[in-house]
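> Mind looking over this structure? Questions follow.
The values are calculated or read from the model by the stated rules, or taken from the named source; none is laboratory data. From a predicted model like this one, the values you see are computed outputs, not experimental measurements. Cβ placement follows ideal geometry from the backbone for every residue including glycine, while neighbour counts extend to all protein chains displayed. Heads up: the accessible areas ignore ligands, DNA and RNA and are worked out on the full protein's heavy atoms, side chains in. Shrake-Rupley method; radii C 1.70, N 1.55, O 1.52, S 1.80 Å.
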Amino acid sequence: EDLVVEHKKVRTASFNVHTRVLTLPMWEKASNIVYDLLVGHEVGHALYTPDIDWSKDRVIPPSFVNIVEDARIEKMMKRRYGGLSKTFFAGYQELSDEDFFEVEDEDISKMSLADRANLYFKIGNYIDIPFANQEEDRLIQAVANCETFDDVLDVSEEIYNYCKETQE
């Protein structure tokens, strides 16, 4: 597939599903494992995230959709490319050790469910991510069970509504 790969001074990697541009950060200390993690993750978006405008049918902030979609595409990539499991594990361990997600001095239990879900699926093997009740546990399991992009939209909407309710 024709992807354009760019290296730029950005905080993290990204993939534009419409323009097919994969952007990788120019970090001074990134190991090959972390670089492989970033590439594997963004290629997951290239392979599995559809180029559709879902926002006209649903009112969900894109950040919520991205959190759930990240978990789904990483699961799909690990299935397709078995060796990526070790890469994701080691890469996220390195990012966690370097406090890339800036949680070292944070009370994670006070974060929104969306933020905790994002951390859980990325560095939950290395730090404790608390969930407050059975509903949060159910929603985390729903994220883990997403197989299609429609599943992602449904679960993202549920998490968004839950976050709105708990914030109020």
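> With +1 on each Lys and Arg Cβ and -1 on each Asp and Glu Cβ, and nothing else charged, work out how big the dipole of the chain is about its Cα centre, in Debye to the nearest 20.
It comes to approximately 560 debye.
> Let me ask you something else. Project the alpha carbons of segment 27-118 onto their principal axes and report the range along each, largest first, in whole Å.
41, 35, 24
> Oh, and also: Excluding ligands, DNA and RNA, what is the solvent-accessible area per residue of the chain at a probe of 1.4 Å, expressed in Å²?
Spelled out: the 1.4 Å probe surface of the chain, per residue, equals 58 Å².
> Also, quick follow-up: May I ask you to rank 111, 77 by accessible area, largest first, using a 1.4 Å probe over the protein chains only?
111, 77
> As a test question: what accessible area, to the nearest 10 Å², does residue 95 have when a 1.4 Å probe is rolled over all protein chains in place?
Accessible area of residue 95: about 10 Å².
> Using only the alpha carbon atoms of segment 34-75, find the Kirkwood hydrodynamic radius as the inverse mean reciprocal pair distance, in angstroms to one decimal. Spell out each step's value before the answer.
On the way: mean 1/r = 0.0893 Å⁻¹.
After inverting the pairwise mean of 1/r, the radius is 11.2 Å.
> Further question on the same structure: To the nearest 20 Debye, how big is the dipole of segment 47-88 about its Cα centre, given +1 on the beta carbon of each Lys and Arg and -1 on that of each Asp and Glu?
On the way: 8 positive and 6 negative charges, 67 e Å.
I would put it at about 320 debye.
> Given a 1.4 angstrom probe, I'd like the percentage of the accessible area of the chain that is carbon and sulfur, rounded to a whole number.
Answer for the chain is 47 percent, counting heavy atoms of protein chains only.
> Taking the Cα centre of segment 1-87 as origin and charging only Cβ (+1 Lys, Arg; -1 Asp, Glu), how large is the dipole, in debye to the nearest 20?
Here the size comes out at about 300 debye.
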